[in-house]
Amino acid sequence: MDTCQKILTFFIEEKKISGITPDTDLFAGGYVNSLFALEMVLFLEKTFSIKIPRKEMRRENFTTVQRMADLVERVQG
């Protein structure tokens with residue numbers, strides 16, 4: 001399972017959020033708020049064994065599943 005699919009599966013199976021795609025704007029769609037964004041950071045760090053640098057903690061890195069996957073892959077190097 002690739003990075004994007006793992007994150008999408010988290011939303012669908014763990015958070016019971018359906019009808020989203022890798023490119024759905026999660027903030028605009030009301031699926032994510034600032035507290036949930038923090039939970040996403042913890043999920044990404046734990047699931048992918050990474051530490052997201054402070055400079056990457058920008059809203060635009062968390063607006064879509066695809067952007068989160070891109071962030072993970074960038075941090076992994």
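Here are the numbers:
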| quantity | calculated |
| --- | --- |
| Contact order normalised by residue count of the chain, Cα under 8 Å, 6+ apart, percent | 40 percent |
| Accessible surface of the chain, 1.4 Å probe, proportion on carbon and sulfur as whole % | 50 percent |
| Highest-first arrangement of 46-55, 21-30, 1-10, 62-71, where packing means the average Cβ count within 10 Å | 62-71, 1-10, 21-30, 46-55 |
| Residue-averaged 222 nm ellipticity for the chain, from DSSP H runs of 4+ at -39500 (n - 2.57), nearest 500 | -13500 deg cm²/dmol |
| Stretchable slack from F36 to V75, in nm (0.36 nm times residue separation minus alpha-carbon distance) | 12.0 nm |
| Anisotropy class of region 1-51 from Cα gyration tensor, a/c 1.5 cut | oblate |
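The values are calculated or read from the model by the stated rules, or taken from the named source; none is laboratory data. The structure presented is a predicted model; accordingly, all values stated were derived computationally and were not measured. Reconstructed Cβ throughout: ideal geometry from the backbone, glycine too, with neighbour counts over all protein chains shown. Just the protein is used for accessible areas: all its heavy atoms, side chains included, with ligands, DNA and RNA removed. Shrake-Rupley method; radii C 1.70, N 1.55, O 1.52, S 1.80 Å.
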